[in-house]
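The values are calculated or read from the model by the stated rules, or taken from the named source; none is laboratory data. Given the structure is predicted, the values throughout are model-derived calculations rather than measurements. Cβ: placed from backbone, ideal geometry, glycine included. Neighbour counts: every protein chain shown.
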Amino acid sequence: MRGFWHTIALIAENAGTFNKSLFAICKSVNDPDLLKSVNLTSNPADKRKLLLKKQPTKNTLIALDKHLRSRYGLVLFPYELAELNRIVCEAAATTAPHADLKKFWTGLGKVAKDNRNHPEFMQAVGALTSDAWAISQFVSNGVSLTPWFRLTPEQESGLRAALPVGGPTFQAAEDYRDLSWSGGSCESILMASDNWTHMNV
């Protein structure tokens, strides 16, 4: 997820034409060249299926992967690319795309500007916007991020100081999650090849 979180932080910062470039690449269609549906059980008598709509095509994922690798050195797995595609497409349909992420980045202030070129700092920023448990434990319970991200004490204290519970920056992260992950549970499906020894997503 590191590449995904880093990308979310770059969307929040939106330096140069970063978001514009993603809007130009990301697309969702109702009839992709992927699976049309997935059986929910192996029981032939059970006819329930999960229909897959508004999915990216393989060409969209390939183009997005090539763009992020070549321009920014970011490596995202197919599932992460598909999630990024969904988030970008949903944002493009709003009147103010990524407004909550931008508010979050702006609210971080100096610590964000000073560390925008530090990969693990950017990964931590993306994780804090995307994971409700992570931000609540970090801000409310004083849990350190350093077991997962190599941050300096100054970086971590700067993030914590910019994120008081209930403050506008903290709220911006909540508003972003409400928009990007509005469901009560994850309904994503990952199909794994039988000859895979492990999956690193």
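Observations on the model:
- Of all the numbered requirements in (1) surrounded by fewer than 21 Cβ atoms within 10 Å (Cβ to Cβ); (2) in contact (Cβ under 8 Å) with a residue 60 or more places away in the chain; (3) of a type in the set (Ser, Thr, Tyr), residue 129 misses one, and that requirement is (1).
- Unique residue being at negative phi and assigned to a loop (DSSP other than H, G, I, E, B) when the list is 116, 86: 116
Okay, residues lined up against (1) surrounded by 13 or more Cβ atoms within 10 Å (Cβ to Cβ); (2) not in a helix (DSSP H, G or I):
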| residue | (1), (2) |
| --- | --- |
| 137 | yes, no |
| 144 | yes, yes |
| 147 | no, yes |
| 150 | yes, yes |
| 166 | no, yes |
| 174 | yes, no |
| 177 | yes, no |
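Listed here are the residues, each with its yes/no results for (1) at pLDDT 90 or above; (2) part of a helix (DSSP H, G or I); (3) surrounded by 16 or more Cβ atoms within 10 Å (Cβ to Cβ).
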| position | (1), (2), (3) |
| --- | --- |
| 38 | no, no, no |
| 43 | no, no, no |
| 68 | yes, yes, yes |
| 74 | yes, no, yes |
| 100 | yes, yes, yes |
| 107 | yes, yes, yes |
| 112 | yes, yes, yes |
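- Top-ranked residue in the range 1-30 [being in a helix (DSSP H, G or I) and of a type in the set (D, E, K, R); ranked as modelled with the lowest pLDDT]: 2
- When the residues of the range 51-66 are filtered to those that are buried (at least 16 other Cβ atoms within 10 Å of the Cβ) and not in a loop (DSSP other than H, G, I, E, B), the one that is modelled with the lowest pLDDT is 55.
- Any chance residue 146 is closer than 17 Å to residue 103 by Cβ, β-branched (Val, Ile, Thr) and modelled with pLDDT of 75 or more: no
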